[in-house]
Structures are given as structure tokens and as C-alpha cells.
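I have placed the structure first, in the form of C-alpha cells, so that the comments after it can refer back to it.
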Amino acid sequence: MRPKILIAEDEIIIAESLRRSLEVSGYEVTAICSTAEAAIEAARTTKPDLVLMDIRLKGEKDGIYAARIVSEGFDVPVIFVTAYGDDAVLDRAKRTKPAGYLLKPFRSDELKAAIETALYRHMIDGAAPAPSKDDNPARRRRTKPTPLTPREKEVLRLIAKGMANKEISAALGVSSRTVESHRAHILAKLKLKSAAELVRYAIRNGLIRS
């Protein structure tokens, strides 16, 4: 099967050029999106193997926001394709742990090399470890997460939307310490360890929609 690629690019001429280049290289383009919201929805419905994400997109949300939701929520690698290489933008992009970063203009062979490297690394990183002797599936099935309170669900929804503790405290009218306490309780109840796992849980359980 041909690897499936989703393009998030708000310049239609550039997007079509990317599509042609990808198809000539043997990839299948699942969709072309011009907004962060559309890219998130397309990632959910078309299930691509990789996303080419421009940082500057139409609408209020940018490609960095979309990349965080796509990579953490759907476990899909993202390569940023952008003309903006300033340090501030690069620093924000790095926080999403992208699979690659290409500055426009670039050659088709550079694009293909970046895609193949990202797909290979994602495959290796996603390889399941051998189960330990204590890893009992039946025990896992019996262990169910403790239900979240309505306020904890609201905090989780805002965390999954990419909001920091200070932003959440302002939105809910509570202190940052209260938000930190809610975050700790949510992690403990759901038996999760990271923000990325919280995002995936929120998306899979309908607490955040694209």
C-alpha cells in the first residue's frame, strides 16, 4: 500500500504543487486543508500515515496547534513545511516534537527523504515492546479508571486544547494551584503519565472536538 499523506497548506497553488510531487513519488494524498480545524478533522477521518503541516494557516489556530492535536491525539507524525524559520516560531514548533522541519523552497528529493525518514522512525518508535511477566491482560481489563468529576472533565478538555495552567485558571476563575491539583488528580484517576496521554484520552472520549 502507498503511504497516505495529508497536506495542511493555505496557499492552493503550493498545496497542488505538493500534491503532484507526492503522487509522482508514489504517495497517496488523503486531503488538502487550509485551516487547523480542517486538518484535525481530516486526520481523524482519513487516518493518514503522515501530515505535511504549514505553520501559517487560515483561521485563528495555526499549524503548530493542529500538529500538537494530530501527533498526540492520533499518533500521526507531522513534518512542518514552512517559509518561516525565525527562532520564536521554531521554538514553538519544537515543543510539538515534529517528525521533521522543511523550509520553503525545497526540492522534491528533500521532501521524499524527510517523509521516508519520518515514517521509518515512527514505525520503529511504535514497535510494541515484549510483554513482561507481570503484564496480565485480564488484570488490565479489570482495572477501570475512576470517573472524572464535571470540573475535572472541563480542565481536561482545556488541557487537550493546548491551554497552559494560567490560561485554564483564568478561563475557569480558579487559581493555578487549583488547576495543578486537578491535573494531578486526573492523571492519577486515569492512570496516565503525560500530557500527550491526556490529549489522546480526551479526543477518544469525545471531550474535545476539532
_Computed P(r) (all Cα pairs; region 4-125; 10 Å bins; percent)_ = 14, 53, 31, 2
*For region 138-204, state the semi-axes of the equivalent ellipsoid (square roots of 5 times the eigenvalues of the alpha-carbon gyration tensor), sorted largest first and rounded to whole angstrom.*
23, 12, 9
*Using only Cα atoms, what is the ratio of the radius of gyration of the chain to 2.2 N^0.38 Å?*
1.12
*Rounded to the nearest 20 debye, dipole of region 138-204 from Cβ charges on Lys, Arg, Asp, Glu*: 580
_Candidates Ile12, Ile55, Ile159, ranked by Gaussian network fluctuation over the chain, Cα under 10 Å, top entry_ = Ile12
*For the chain, modelled as a Gaussian network with Cα springs under 10 Å, which listed residue fluctuates most, Ala113, Ala67, Ala195?*
Ala113
*By Kyte-Doolittle mean hydropathy of at least -1.0 and Cα axial length of at least 20 Å, which whole DSSP H helices of the chain are selected?*
108-125, 176-190
*asked:* Based on alpha-carbon centroids, what's the gap between region 149-210 and region 16-87 in Å, whole number please?
replied: 25
*Using unit Cβ charges (K, R positive; D, E negative) and no other charged atoms, how large, in debye to the nearest 20, is the dipole of the chain about its Cα centre?*
1300
_Need the list of aspartates and glutamates near Lys94 for cross-linking: C-alpha distance under 17 angstrom, and skip anything on the same chain fewer than eight residues off._
Asp54, Asp62, Glu72, Asp75, Asp86
*What order do you get for Lys58, Lys4 when you list them from fewest to most C-beta neighbours inside 10 Å?*
Lys58, Lys4
*Distance check, please: which entries in Lys4/Lys58; Lys166/Lys189; Lys4/Lys47 exceed 20 angstrom between their Cα atoms?*
Lys4/Lys58; Lys166/Lys189
*Pick from Ala39, Ala160, Ala184: which is most flexible by mean-square fluctuation in a GNM of the chain where alpha carbon atoms under 10 Å apart are linked?*
Ala184
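Laboratory data are not the source of any read-out in this text; all were calculated from the coordinates shown. As the structure is a prediction and not an experimental result, all values here were calculated from the model. Every residue, glycine as well, gets a Cβ built from its backbone with ideal geometry; the counts of neighbours run over all protein chains shown.
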